[in-house]
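See structure below.
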Amino acid sequence: LNLPPVYAISAVEKYGENDFFGVLETALQNGLKLLQLREHRLEKDAFLDLANRVVERCHQYDAKVLLNCEPQWIAETAADGVHLTQKRLMSAQRRPLAAECLVAASCHDEQSLLQAEKLGLDFVALSPVQETASHPGVIPIGWQHFLQLCATTALPVYALGGMELSGVAQARRYGAQGVSMVTAIWEADVQTLARHL
């Protein structure tokens, strides 16, 4: 599985649609290849409408899009796969989509990593590695524990939580495929994007 070093997570609610599509375009022009559309506050119809527009834009740059939603919604889009919350992951009895689709998941501990591997997922995002503004008060696992957890799975693991684009090399030293982030990628300048994507 040829996975890129950066797994971006959308922030449409934070920036608004117009501004988000602007920063998404800049990231795509500079090499972004993998995006998770995670907009939990949207109802199904609004989410799928947004998803179809995001997927269309990303596919123009050969970038893949995973939707953080109910797996059955994927059939109503041209998305490349689904990203499961840890709750959906732990309640799943089998891989929710066929092998030609990507299936990823959010993991926070060894139990969820083992479940992801058991279901034959393609990769996971393990968090929170460091403190993050989006989850104040949550105790981070830290790099040493991240390394130990990565050693328990054969799946590619993205480090999530307090990540920066410049942190790919460090994340890889601790066993990661790369880094996943919500904020840093959308606020990076063009030079930083071009250097790290």
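The values are calculated or read from the model by the stated rules, or taken from the named source; none is laboratory data. This is a predicted model, so every value here is computed, not measured. Here the Cβ is made from the backbone with ideal geometry for all residues, glycine too, and neighbour counts use every protein chain on show. What goes into the accessible areas is simple: the full protein's heavy atoms, side chains included, and nothing from ligands, DNA or RNA. Shrake-Rupley method; radii C 1.70, N 1.55, O 1.52, S 1.80 Å.
What's the tally of Lys pairs in segment 1-152 whose alpha-carbon atoms lie under 22 angstrom apart, where the two lysines are 8 or more places apart or on different chains?
Lysine pairs satisfying the spacing and distance rule in segment 1-152 number 7.
Applying the criteria of a DSSP loop state and at most 16 other Cβ atoms within 10 Å to the chymotrypsin sites (Phe, Trp or Tyr not before Pro) of segment 1-84 yields Tyr61.
The heavy atoms of Thr132 offer some 40 square angstrom of accessible surface to a 1.4 angstrom probe.
May I ask for the equivalent-ellipsoid semi-axes of segment 1-91, computed as the square root of five times each C-alpha gyration tensor eigenvalue and listed largest first in whole Å? It would help to have the intermediate numbers written out before the result.
Values: eigenvalues 77, 52, 30 Å².
Ellipsoid semi-axes (Å, largest first): 20, 16, 12.
Per residue and in cubic angstrom, what volume does the convex hull of the Cα atoms of the chain have? Mind dumping the intermediate values first?
Working: hull volume 22.1 nm³, N = 197.
So the per-residue hull volume is 112 Å³.
The simple spin-label model puts a point 7 Å past each Cα toward its Cβ; for Lys44 and Ala133 those points are separated by 3.5 nm.
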